[in-house]
Amino acid sequence: VQQVFKQLFYMINAVALNNLLLRKDVCSWSTGMQLRFNISQLEEWLHGKNLQQSGAAQTLEPLIQAAQLLQLKKKTSEDAEAICSLCMSLTTQQIVKILNLYTPVNEFEERVTVAFIRDIQ
């Protein structure tokens, strides 16, 4: 049973992460917030079913980090260092792809600059 849920959560992670890497319309701060909330619901469900030892939650780590990446500040070289140290389950290419696709949801946000993306690389 534990292996089934681990595989299921692996698939959830893969599909959601691939959507982030392929769709510009979902790479925003608000999507990051929604993803993190949804993941926390999955984690609570696992805990409620006594499946926290199954390893299923750990398979979601790349998606959790991608959600956090969407929510983090993306301006200074310190921000770039923080992103690199936080997103250990994502490759540099995945981080850069998400940053390139990042779409501001309102006039108070800005696109990620080329200089910032260079700092990540």
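Filter region 1-16 for residues that are in a helix (DSSP H, G or I) and aliphatic (A, V, I, L, M) and give the result.
Across region 1-16, the qualifying residues are Val4, Leu8, Met11, Ile12, Ala14, Val15, Ala16.
Spot the failing condition for Ala16; the list is (1) at pLDDT below 95; (2) farther than 20 Å from Asp119 by Cα; (3) under 11 Å from the mean Cα position of the chain (by Cα), and only one is missed.
Only one criterion in (1) at pLDDT below 95; (2) farther than 20 Å from Asp119 by Cα; (3) under 11 Å from the mean Cα position of the chain (by Cα) is unmet by Ala16, namely (1).
For region 17-53, how many residues meet the condition of being surrounded by 19 or more Cβ atoms within 10 Å (Cβ to Cβ), of a type in the set (Ser, Thr, Tyr) and assigned to a helix (DSSP H, G or I)?
Residues that pass the stated criteria total 1.
Glu109 - would you say it is under 19 Å from the mean Cα position of the chain (by Cα) and free of Cβ contacts under 8 Å to residues at least 24 places away in the same chain?
No; evaluated as a whole, the condition is false for this residue.
Quick one: is Ser77 at pLDDT below 95 and either of a type in the set (Gly, Ala, Ser) or closer than 23 Å to Tyr10 by Cα (or both)?
yes
Got at least one residue in region 70-89 being closer than 19 Å to Leu22 by Cβ, in contact (Cβ under 8 Å) with a residue 40 or more places away in the chain and not acidic (Asp, Glu)?
Yes - at least one qualifying residue is present in region 70-89.
Which condition from (1) within 18 Å of the chain's Cα centre (by Cα); (2) assigned to a loop (DSSP other than H, G, I, E, B) is the one that Ile117 breaks?
With (1) within 18 Å of the chain's Cα centre (by Cα); (2) assigned to a loop (DSSP other than H, G, I, E, B) applied to Ile117, the lone miss is (2).
Give the number of residues within region 84-95 that are aliphatic (A, V, I, L, M), surrounded by fewer than 18 Cβ atoms within 10 Å (Cβ to Cβ) and not in a helix (DSSP H, G or I).
Result for region 84-95: 1.
Give me a count of the residues in region 41-54 that are free of Cβ contacts under 8 Å to residues at least 12 places away in the same chain and either under 19 Å from Ala14 (Cβ atoms) or aromatic (Phe, Trp, Tyr) (or both).
2
Within region 61-83, can you find the residues that are more than 8 Å from the chain's Cα centre (by Cα) and either of a type in the set (Phe, Trp, Tyr) or buried (at least 20 other Cβ atoms within 10 Å of the Cβ) (or both)?
Passing the criteria: Lys74, Ala80, Ile83.
Can you name the condition, by its number, that Ser77 falls short on among (1) of a type in the set (Ser, Thr, Tyr); (2) in contact with an Asp or Glu (Cβ under 8 Å, 6 or more places away or on another chain); (3) farther than 19 Å from Ile120 by Cα?
Unmet condition: (3).
The values are calculated or read from the model by the stated rules, or taken from the named source; none is laboratory data. Note that this is a predicted model, so its numbers are computed, not measured. Neighbour counts are summed over all protein chains in view; Cβ atoms, including those assigned to glycine, are modelled from backbone coordinates with ideal geometry.
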